[in-house]
């Protein structure tokens, strides 16, 4: 894993350095990651007209979300942002297959464009429903633990690295004939439910979250790139009155991370959202979530 990490960083360095030397086309870059509530379970048919469109000056590279052992993880292609990057999306051999669902990316982009008018924005997204940042909770959904070997050594962190590598292999993402200078501006992380199933795993969440965010920052070659955490919530839709038995421990760890890292904050509006099932917010929830993430990341970048 260490060798792979260094290889990826070596791949990224020329891209950023070349952009700095030429400075031809500057684009603000954001990474979106996590599990199913980052995937997005909103229905595109329920989108308001203002979000049911192609977003001018916003591009997305959505890495193919697959189980740990699958070698196609992180494949995809840059495209203009539009609805369809929710659960069910896939990317394979430089082709994207949109779904009928959406996540927070649409309202996130719209809110950012209000704050950065006439500027270009790039999103790199990789998330997988049910994935954990603790290898002991990985199960069939996958683990973001960088050192987790699994069956063949490929895990969700590897798929993330492959997503970033594939995204940055394109030097002209908007196709205007100019090399792009992608400026890392933020990491958006919506995850934690899968780590709230046992007390032992939930108690380790802060340690694992800090390490993973440090690794993602390193992959973007920006140690202080802002991080916004989405606070997990609970629908309470089971016989016990809650879905995640140790969700409070994960929430505490998320709050601790946002408090102790000077370039991090947390979105707490999730506690007010309605659900489309036991685990996932409804369409209105994802729209609000994107807005809140955008506001938080914008404020962090003003520091």
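The table for this structure:
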{"read-out": "Gain in span if fully extended, residue 118 to residue 218, counting 0.36 nm per residue against the direct Cα distance", "value": "33.1 nm"}
{"read-out": "Region 187-303: Rg to Rh, with Rh as the Kirkwood radius over Cα pairs", "value": "0.98"}
{"read-out": "Region 2-300 - Debye-derived log10 I(q)/I(0), Cα point model, q = 0.07, 0.13, 0.16 Å⁻¹", "value": "-0.23, -0.85, -1.37"}
{"read-out": "Length released on extending from residue 93 to residue 179, taking residue separation times 0.36 nm less the Cα-Cα span", "value": "28.7 nm"}
{"read-out": "Cα convex hull volume per residue for region 57-100 (Å³)", "value": "57"}
{"read-out": "Expected-Rg normalisation [2.2 N^0.38 Å, Cα atoms] applied to region 259-303", "value": "1.34"}
{"read-out": "Cβ-Cβ FRET estimate between residue 260 and residue 237, R0 fixed at 35 Å, reported to 0.05", "value": "0.60"}
{"read-out": "Residue among 243, 58, 225 with the largest mean-square fluctuation in a Gaussian network model of the chain, springs linking Cα atoms under 10 Å", "value": "243"}
{"read-out": "Two-site label geometry, residue 169 and residue 26: point separation in nm, points 7 Å out along Cα→Cβ", "value": "2.9"}
{"read-out": "Chain lengthening between residue 245 and residue 274 when straightened (0.36 nm per residue, less Cα-Cα)", "value": "8.5 nm"}
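Rule-based calculations on the coordinates, nothing more; no lab input. Small disclaimer: the values here were computed from a predicted structure and weren't measured. FYI the Cβ positions are ideal-geometry reconstructions off the backbone, even for glycines, and counts take in every protein chain you see.
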